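Trainee: My questions all concern the structure below.
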C-alpha cells in the first residue's frame, strides 16, 4: 500500500490519493444512478399506494402525462420536480420562452443534468495534465473541474431566461400594431374570432411570436373553448401586462355587453400613446448614455493635443539642462 501511495503521489502530486478516491466516488455515483432509476417498485407498496394515489391525483390534475414512445419517461421522477407549484412555475417559464411541448420541463432538466456532467468531464480532462505537477493544489484543480460543470448546468437556465425576455419584448413591440389591425377588422364588420384569425395571418412575417399566440387563440375558440379562458391562457403564456390588461378589457366588455369596437378603439389609443412615451423615454436616456462614451473618446485625444506639446517641450528642456 505504501508503494502504491508513493506512486500516486509521484503521478498526481501530494493530493493523489484524495483525487483517486474522489474519482472513484464519482464513477460509483454514475454507475448507481441507472440502477436506482431502473429499480422495480415493490408490488405490495404499489397496492398500498394505489387507492391514495388515484384519489389524490385524478387525471385532470396530474402534473404530467406518460407516453410510451418517450425515451425519458422512465426517468420522469428523477428529471421532473415532484412539487406541483415548482413544476407549474418552470412550465410557465418555458411557455413564455416559446417551448410549448408537454415534455418541455423534462427535457429542460435533462439538458441541465447532461450539460453538467459533460462540463465536469471536460473540466477533469482540462485539469488532468496539471495533476502531476508539484505546483498544483487541490483548490485550483477542484475549481477547474467544478466551474465547467456549473457553467454547463446553468447554461439551459440562462438560455431559457434570455429567450423568455426576448420573446416578451417582441410581443410587446408588435402588440399596438395588432390592436390597430384588429380594430380595423372589427369596424369592417368581422367578429372578434375572425379578426383574431386575420391578425394572426397578417403578423406572421413581422411578429411571428405574437402571430403564433393569436393563432392558438383562434384555434382554441374554433375548438369550442370559452373565450374568457382562452384569453386568460393567452395572457399567461405571453407574460406581459399589456396583454393581461387587454384580456381584462375584452372579458369585461363581453360580460357587460358593451361594444367591442369602442373598447378596442380606446385601448389601441392607449397602447399607441404608451409606445410613444417609451420612445421618448429612450430618447431622453440617450444623452446620458452617450456622455460616458463621449468623455472616453474625446477627452484623452483633446488632452493629448493640448498638453502633449508642452510636456514634450518641458522634457526637452530638462534633457538639455
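Every number in this text was worked out from the coordinates using simple rules, so none of it is lab data. Keep in mind it's a predicted model, so treat the numbers as computed, not measured. No Cβ is skipped: glycine too gets one built from the backbone with ideal geometry, and neighbour counts run over all protein chains shown.
Trainee: How would you rank 115-123, 218-226, 295-303, highest first, on the average number of other Cβ atoms within 10 Å across their residues?
Mentor: Ranking, from highest mean packing down: 115-123, 218-226, 295-303.
Trainee: Could you grab the relative contact order for the range 168-275? Cα pairs under 8 Å, six or more apart, rounded to a whole percent.
Mentor: Dividing the mean separation by the residue count of the range 168-275 yields 31 percent.
Trainee: Also: At 0.36 nm per residue, and after removing the present C-alpha to C-alpha distance, how many nm does the segment from residue 146 to residue 279 gain when stretched out fully?
Mentor: Gain on extension, residue 146 to residue 279, equals 43.5 nm.
Trainee: Another question, if that's okay. Which percent of the Cα-Cα distances in the range 268-318 go past 15 Å?
Mentor: 68 percent
Trainee: Order of 183-195, 166-178 by packing, highest average Cβ count within 10 Å first?
Mentor: By packing density, highest mean first, the sequence is 166-178, 183-195.
Trainee: A further question follows. Give the Rg/Rh ratio for the range 183-275, taking Rg as the radius of gyration of the Cα atoms and Rh as the Kirkwood radius, to two decimals.
Mentor: In the range 183-275, Rg relative to Rh is 0.93.
Trainee: Just subtract the alpha-carbon distance of residue 223 and residue 130 from 0.36 nm times their residue separation and send over the number in nm, one decimal.
Mentor: Taking residue 223 through residue 130 to full extension adds about 27.2 nm, to one decimal.
Trainee: Modelling each spin label as a point 7 Å along the Cα-to-Cβ direction, I'd like the residue 201/residue 299 distance in nm, to one decimal.
Mentor: For residue 201 paired with residue 299, the spin-label model returns 5.9 nm.
Trainee: So if R0 is 30 Å, what FRET efficiency would residue 258 and residue 181 give, r being the distance between their Cβ atoms, rounded to the nearest 0.05?
Mentor: Plugging the Cβ-Cβ distance into 1/(1 + (r/R0)^6) gives 0.90.
Trainee: Could the peptides 278-289, 231-242 be put in order, highest first, of the mean number of other beta-carbon atoms found within 10 Å of their residues?
Mentor: Top to bottom by mean Cβ count within 10 Å: 231-242, 278-289.
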